[in-house]
Each structure stands twice: as C-alpha cells, then as structure tokens.
Amino acid sequence: MKYFEVEFTITPCSQVAQDLLSALAGEAGFETFEETTNGLKGYVQQTLFDESVLSSALEDFPLEDTHIIYKVQEAEDRDWNEQWEQEGFEPIDVRCEMADGRSKTLIIHDGRHLPSDISLQPTDIEVEIDAHLAFGTGTHETTRMICATLLGMNLNGIKVLDCGCGTGILGICALKLGARHCVGYDIDEWSVDNSRHNAIINRVDERLEALHGDATVLSSFPAEFDLVMANINRNILLQDMERFVSIMRPKATLVLSGFYQSDCQLLEKKASSLGLMLKQTKNDGDWACLIFQHQ
C-alpha cells in the first residue's frame, strides 16, 4: 500500500489540539499519527485520502486562535507497523462489575507479553492479539469501552457483526464470551488477513468470517444479527448506520465508538431517526461509546 506522509504544524501546539486534530483527520482517511514538537505527523493511504474533508475540518477547527497548516509528501515505502510489531504491548485488563457484585475480566495481550500466572484468575478470559498493520489492541479508550460493554452482556449463542474489524479484537472477544458466530469486514485487506490470523491464535477461526470491503458487503445479509459493533469515526458511522440497522434483528443491540463526546448528539439524532433507542452512554476521557437497542 502507498501512503502519504502529512506534517501538521499547530500554533500554539497543545495536547488537546493534537488529540482533536487526530480525530478530525481520521475522518479524511488517516490511520496513524506521530507527535512532533510543533504538531503531528500523519499517515494515510493514498487511495483513501480525502483532502477536501481534511480542509473543511481544519477550517472549522473547534479551538479558537489555533492555526494549523500541513504539508503532504509521498511516504517512504516501508512496513508502518514494524516497530510496533517488534515492541508489542503490555497486557491490558478490561474489567466489568456485575450487578451481583462479581466482576468479569478480559486480559488482552500479545505473543511477547504474556500475563503472569499469579495475575490470572479462573474466571479471567484471555485474548491474544498480534497487530500486523491493523488497528485494535485494547490500548485505545474506544476499544476498551466496547470490550467492557461486551463483558456486561449475555452473548451466549448470538450472532455478531464487527464493522471495521481491524485486528478482529472485538469479534474475538465476543466469541470468547459466548457468541455463536461473528462476521467482520474492513476496507483494508491487511486488517482482514490480521483478523483471520488472530482468530486462529484464539481458536475461534471456525466461528469468525472476515470480509474485505466497506458497509456495502452487508447488502447480501438478511436481518440476522443480534449485536452490531462499530469502532469507526463519526462521519462513517453517520453514513453507514442505516445499513447497520437493516441487518439487525428486532431488539438487537448496536454499540458505537470511535468518536468524541461532542459527536454524541449527531449520532443519537441519526439513530433515533432509524428507530433505535439509546440505552447507555459511556465516556473515557474525551472519547465516547453509545449503546442502542433496535425496536
């Protein structure tokens, strides 16, 4: 895949400005960022870069008196996840307190950093994720919120859809928590391959189907899903939500994340117009997660 490297200069530069910029640039196709002393350096697939969306977002940047300029150049052709794959990530605990006082815990780790036997409890559920050019390890707030939501649900025997599956982490967690079958899709062929790879590692590959494409792949499915999950940017969620609803069973659940608290009102309005009822809102820092139920 060919990438553009885009250097953003933010004046004045702050952590809040960097976080807002990375979220807004994600809507223009950007996949990853590196912090610099005076802004960000972002990477986007050349075929997915929507400069008009980026320009519009910068014109309406929510921080007053913040000025942003950017420079686009073709990125060096290299393995963008090479350093990440070499270093991996430390085990992550995602916990959910149940109504009866008990707690459930997901232990998410890679193949290089295994949880210690001392830290594991008999009821803990392990999920191993090797991230090869794909998003989703549990380190991000949005992923953790959805994983915690799954822990609090009864998933036994249900059929799940994972929109923008990345590493496959959400579908794999759902399967290990009792779901019967999961369909995932992603526009990035590397992510589709990575989802299949991680399904094999976690021994759920016979129950996970990963498809290459965008939400149009859903046109071949009837309304058969009990749970739909999407950890994608706000604009894609607004664009694809009607397709999500079209394949949901009555009383099915829709879990959305990948956006800021300030985006919730727009998403709630869209969901309401499609007959969805808001059941719960979660926040982690500036990030949000919305849980809806189909009528």
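The values are calculated or read from the model by the stated rules, or taken from the named source; none is laboratory data. Please read all numbers here as calculations on a predicted model, not as lab measurements. Every residue, glycine among them, receives a Cβ derived from its backbone with ideal geometry; neighbour counts consider all protein chains shown. Just so you know, the surface numbers come from the protein's heavy atoms only, side chains and all, with ligands and any DNA or RNA stripped out. Shrake-Rupley method; radii C 1.70, N 1.55, O 1.52, S 1.80 Å.
Could you grab me the full set of residues in the stretch 200-235 that are within 19 Å of the chain's Cα centre (by Cα), part of a helix (DSSP H, G or I) and either more than 27 Å from PHE292 (Cα to Cα) or acidic (Asp, Glu) (or both)? Scanning the stretch 200-235 gives no hits.
In the set GLU64, GLU34, only one residue is touching a Lys or Arg at 6+ places or on another chain (Cβ under 7 Å) and either at negative phi or charged (D, E, K, R) (or both); that residue is GLU34.
Tell me which residues, restricted to the stretch 265-286, are at pLDDT 95 or above and surrounded by 14 or more Cβ atoms within 10 Å (Cβ to Cβ). Result: LEU267, GLU268, LYS270, ALA271, LEU274, LEU276, LEU278, LYS282. Among the residues of the stretch 47-79, write down those that are acidic (Asp, Glu) and exposed (fewer than 10 other Cβ atoms within 10 Å of the Cβ). Matches in the stretch 47-79: GLU59, ASP60, GLU64, ASP65, GLU76, ASP77.
Take the stretch 257-279 and flag every residue that is in a strand (DSSP E or B), in contact with a helix residue (DSSP H, G or I) (Cβ under 9 Å, 6 or more places away or on another chain) and free of Cβ contacts under 8 Å to residues at least 40 places away in the same chain. Give the steps one after another, and end with the answer.
Within the stretch 257-279, the first condition is being in a strand (DSSP E or B), and the residues that meet it are 257-260, 276-279.
Next, from what is left, pick out any that are in contact with a helix residue (DSSP H, G or I) (Cβ under 9 Å, 6 or more places away or on another chain): 257-260, 276-278.
Of everything in the stretch 257-279, those that are in a strand (DSSP E or B), in contact with a helix residue (DSSP H, G or I) (Cβ under 9 Å, 6 or more places away or on another chain) and free of Cβ contacts under 8 Å to residues at least 40 places away in the same chain turn out to be LEU276, MET277, LEU278.
Of all residues in the stretch 1-14 being modelled with pLDDT under 85 and of a type outside the set (Phe, Trp, Tyr), which is surrounded by the most Cβ atoms within 10 Å (Cβ to Cβ)?
Only one residue fits best here, namely MET1.
For the stretch 242-256: of the residues being of a type outside the set (Ser, Thr, Tyr) and touching a helix residue (DSSP H, G or I) at 6+ places or on another chain (Cβ under 8 Å), which is farthest from PRO222 (Cα to Cα)? Residue satisfying both the conditions and the ranking: LEU256. Residues that are under 22 Å from TRP287 (Cα atoms) and touching a Gly at 6+ places or on another chain (Cβ under 7 Å) within the stretch 137-169 comprise GLU141, THR142, THR143, ARG144, CYS147, ASP162, CYS165, GLY166, THR167, GLY168, ILE169, listed in sequence order. In summary, VAL192 fulfils each of the numbered conditions (1) farther than 15 Å from SER257 by Cβ; (2) in contact with a helix residue (DSSP H, G or I) (Cβ under 9 Å, 6 or more places away or on another chain) with the single exception of condition (2). The set of residues in the stretch 194-218 being surrounded by fewer than 23 Cβ atoms within 10 Å (Cβ to Cβ), touching a residue at least 24 places away in the same chain (Cβ under 8 Å) and farther than 23 Å from ILE92 by Cα consists of ARG207, GLU209, LEU211, HIS212, GLY213, ASP214, ALA215, THR216, VAL217, LEU218. Within the stretch 143-165, the presence of at least one residue that is open to solvent by 10 Å² or more (accessible area, probe 1.4 Å) and in contact with a Phe, Trp or Tyr (Cβ under 6 Å, 6 or more places away or on another chain) is confirmed. Contact map, the stretch 139-165: residues that are closer than 23 Å to THR216 by Cα paired with residues that are in a helix (DSSP H, G or I) and open to solvent by 50 Å² or more (accessible area, probe 1.4 Å), Cβ distance under 8 Å, separation 6+ or inter-chain. Pairs shown: GLY164/ILE236.
The set of residues in the stretch 15-46 that are in contact (Cβ under 8 Å) with a residue 12 or more places away in the chain, of a type in the set (S, T, N, Q) and either open to solvent by 50 Å² or more (accessible area, probe 1.4 Å) or under 25 Å from LEU237 (Cα atoms) (or both) comprises GLN18, SER22, THR32, THR37, ASN38, GLN45, GLN46. Summed over the stretch 29-42, the residues that are modelled with pLDDT of 85 or more and closer than 19 Å to ASP188 by Cα give a count of 1.
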